[in-house]
1. Hey, if we sort Arg57, Arg194, Arg168 by accessible area with the 1.4 Å probe, largest down, what's the order?
2. Excluding ligands, DNA and RNA, what is the solvent-accessible area per residue of the range 66-202 at a probe of 1.4 Å, expressed in Å²?
3. Can you bin the range 23-96 into rounded, prolate or oblate? Criterion: square roots of the alpha carbon gyration tensor eigenvalues sorted a ≥ b ≥ c, rounded for a/c under 1.5, prolate for a/b above b/c, oblate for the rest.
4. Figure the gain on full extension for Leu39 and Ile111 (residue separation times 0.36 nm, minus the Cα-Cα span) and round it to one decimal in nm.
5. Just one of [x] 8, 24, 31, 25, 9, 3, 0; [y] 8, 34, 38, 19, 1; [z] 8, 29, 27, 14, 7, 6, 4, 3, 1 is P(r) over Cα pairs in 10 Å bins from 0, in percent as worked out from the coordinates here. Which one is it?
6. Sorted by packing (mean other beta-carbon atoms within 10 Å per residue), highest first, where do 61-68, 124-131 land?
7. Please give the length that would be gained between Ala24 and Arg57 if that part of the chain were fully extended, namely 0.36 nm times their separation in residues minus their C-alpha to C-alpha distance (nm, one decimal).
8. Along the Cα→Cβ direction, 7 angstrom out, place labels at Glu177 and Val31. What is the inter-label distance in nm?
Amino acid sequence: EAAEFRQLERTLLKSLPIAIGAIAFVMVFDVLTGHYAMLLPMALGAAGFIAAYAFGRSGRLGASTFLIVVTATALVTISALTGGGLTDAATIAYPVIILWAGMTLRRTPFIGALALMALSIGLIAANSSMGWIDADPGRTAPSGHLMVVLVILAITAYGVRMLVEAARESLERATLEIALRRQTERELLELTTRDSLTGLFN
């Protein structure tokens with residue numbers, strides 16, 4: 001089980017450069033279209049992903065994967081708070097974050113990640129009712145919403161593909177290990193029933 005978690009964590013770590021590149025792409029798109037509201041949050045998100053990558057490269061994979069989930073949740077929450085609330089295009093990333101958290105985090109950090117997401121969603125709903133933060137549902141043009149959705153879907157597809165490949169590798173290793181154990185059992189059975197020197201039954 002520990003080996004499988006490590007494999008999933010390493011798989012997620014491989015996808016971080018893609019996520020950082022996607023954030024940079026969205027930031028460039030926002031600058032070109034004159035939408036500057038999310039530049040600072042996106043820069044902070046990129047910094048969070050870079051820190052997670054550094055943790056992962058130094059062998060602290062558990063901290064790395066948890067930081068990825070926290071950073072992604074914060075990005076989605078900020079986008080929804082300043083944009084369309086619970087109807088913001090970025091909120092489609094919540095199920096993706098839950099999927100990745102469930103596959104890469106152990107039980108306690110996963111429960112913590114779920115609690116953080118529940119708190120984030122509650123904050124977005126409360127802000128829609130109370131108006132603590134000025135939200136502007138129209139701050140992002142339809143092309144911007146399309147770009148956000150496409151980036152989320154592309155990262156999801158890439159990540160799921162990597163997780164499937166990791167699962168396939170784990171299955172192949174398990175199958176090979178079972179075959180080796182069966183071969184060893186046959187050899188042990190042969191050694192217990194026949195004399196190794198003469199080949200005669202004991």
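The values are calculated or read from the model by the stated rules, or taken from the named source; none is laboratory data. Given the structure is predicted, the values throughout are model-derived calculations rather than measurements. A quick note on method: Cβ atoms are made from the backbone with ideal geometry, for glycine too, and the neighbour counts reach across all protein chains shown. Note: accessible area is taken over every heavy atom of the protein model, side chains too, but ligands, DNA and RNA are not part of it. Shrake-Rupley method; radii C 1.70, N 1.55, O 1.52, S 1.80 Å.
1. Values: Arg57 175, Arg194 80, Arg168 110 Å².
Output order, biggest surface exposure first: Arg57, Arg168, Arg194.
2. So the range 66-202 comes to 62 Å² accessible per residue, rounded to a whole number.
3. Values: a/c = 2.96, a/b = 1.55, b/c = 1.91.
Oblate, because a/c is 1.5 or more while a/b does not exceed b/c.
4. Working: separation 72, 0.36 × 72 = 25.92 nm, distance 3.02 nm.
Taking 0.36 nm per residue and subtracting the Cα distance, the gain is 22.9 nm.
5. The value computed from this structure is option [z].
6. Values: 61-68: 21.8, 124-131: 13.8.
For the peptides 61-68, 124-131, the packing ranking is 61-68, 124-131.
7. Values: separation 33, 0.36 × 33 = 11.88 nm, distance 2.10 nm.
The Ala24-Arg57 span can extend by a further 9.8 nm.
8. About 4.8 nm, to one decimal.
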